[in-house]
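**Q** Take a look at the following structure, please.
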Amino acid sequence: MSSDKKTSFPLLPCFLAWIIPGTGHLYLGKKWRGLLFLFIIPLMFLFGMYLGGNLTVIDPAHPLTYLGKFSNIGNGLLYFAAKLVGAGEGRILDVTYEYGWTFIQVAGLLNFLIILDVYDIAVERKA
C-alpha cells in the first residue's frame with residue numbers, strides 16, 4: 001500500500017491538516033477525502049458559531065475547561081480567526097447555545113482524528 005504522494009516528512013501534512021482541515025489529505029493526493037474534510041469541518045465549526053456556541057475560556061477553577069480549549073484548538077485556523085475577530089463569545093441565553101458549543105467541540109476533536117488519518121497515510125500505514 002502506498003499513498004499517492006510519498007513524503008519523507010510526515011509532520012508537514014499533519015500540520016497542514018491541523019491549520020486548514022482537509023489540506024493534509026489534499027497534499028498527500030487524497031483529493032476526495034481532502035475536499036470532504038475541507039467542507040465538513042469548517043461547516044460544523046461555523047454552524048456551531050451560528051447557533052450561538054462559544055469558544056472555551058480556560059478557568060483554572062474548572063480543570064475541564066483545559067479539555068474544551070484543546071478541542072477548540074483542534075479547529076486550527078478557524079479557531080484563531082474567530083478569536084482574532086472577537087467571535088465565539090456565545091449567547092448562553094439562546095436555546096441553541098449548547099448545540100452550538102457541541103458542534104464547535106466536535107469539529108475540533110474530529111479534526112484531530114483526521115490528523116491521525118493523515119499521519120497514517122503519510123507513513124504508509126494505510127492507503
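**Q** Which of the helices (runs of 4 or more DSSP H) contained wholly in the range 1-70 include at least 3 residues that are of a type in the set (A, V, I, L, M)?
**A** Values: elements: 11-19, 23-27, 31-50.
Once the helices (runs of 4 or more DSSP H) in the range 1-70 are filtered for at least 3 residues that are of a type in the set (A, V, I, L, M), what remains is 11-19, 31-50.
**Q** Whether any residue in the range 110-127 is in contact with a helix residue (DSSP H, G or I) (Cβ under 9 Å, 6 or more places away or on another chain), over 25 Å from ARG33 (Cβ atoms) and not in a loop (DSSP other than H, G, I, E, B) is what I want to check. So that I can check it myself, show each step before the final result.
**A** First pass over the range 110-127, keeping only residues in contact with a helix residue (DSSP H, G or I) (Cβ under 9 Å, 6 or more places away or on another chain): 110-112, 114-119, 121-122, 125-127.
Filter once more, keeping what is over 25 Å from ARG33 (Cβ atoms): none.
Scanning the range 110-127 turns up no residue that is in contact with a helix residue (DSSP H, G or I) (Cβ under 9 Å, 6 or more places away or on another chain), over 25 Å from ARG33 (Cβ atoms) and not in a loop (DSSP other than H, G, I, E, B).
**Q** Considering the range 63-89 alone, what residues qualify as being touching a Gly at 6+ places or on another chain (Cβ under 6 Å) and either farther than 19 Å from LEU113 by Cβ or among the aliphatic types (A, V, I, L, M) (or both)? If you could, list the steps in order and put the result at the bottom.
**A** To start, the set of residues in the range 63-89 that are touching a Gly at 6+ places or on another chain (Cβ under 6 Å) comprises 71-72, 74-75, 82.
Across the range 63-89, the qualifying residue is only ALA82.
**Q** Something else: Please go through the range 87-127 and give me each residue that is of a type in the set (A, V, I, L, M, F, W, C) and touching a Cys at 6+ places or on another chain (Cβ under 6 Å), ordered by number.
**A** From the range 87-127, those of a type in the set (A, V, I, L, M, F, W, C) are 87, 92-93, 95, 101, 103-104, 106-107, 109-110, 112-116, 118, 121-123, 127; that's our starting set.
Hits for the range 87-127 are ILE115, VAL118.
**Q** Please state which one of TRP32, TRP18 is surrounded by fewer than 16 Cβ atoms within 10 Å (Cβ to Cβ) and at pLDDT 95 or above.
**A** Details: TRP18 fails: surrounded by fewer than 16 Cβ atoms within 10 Å (Cβ to Cβ).
That would be TRP32, the only listed residue that is surrounded by fewer than 16 Cβ atoms within 10 Å (Cβ to Cβ) and at pLDDT 95 or above.
The values are calculated or read from the model by the stated rules, or taken from the named source; none is laboratory data. No experiment lies behind these values; they were computed from the predicted model shown. Reconstructed Cβ throughout: ideal geometry from the backbone, glycine too, with neighbour counts over all protein chains shown.
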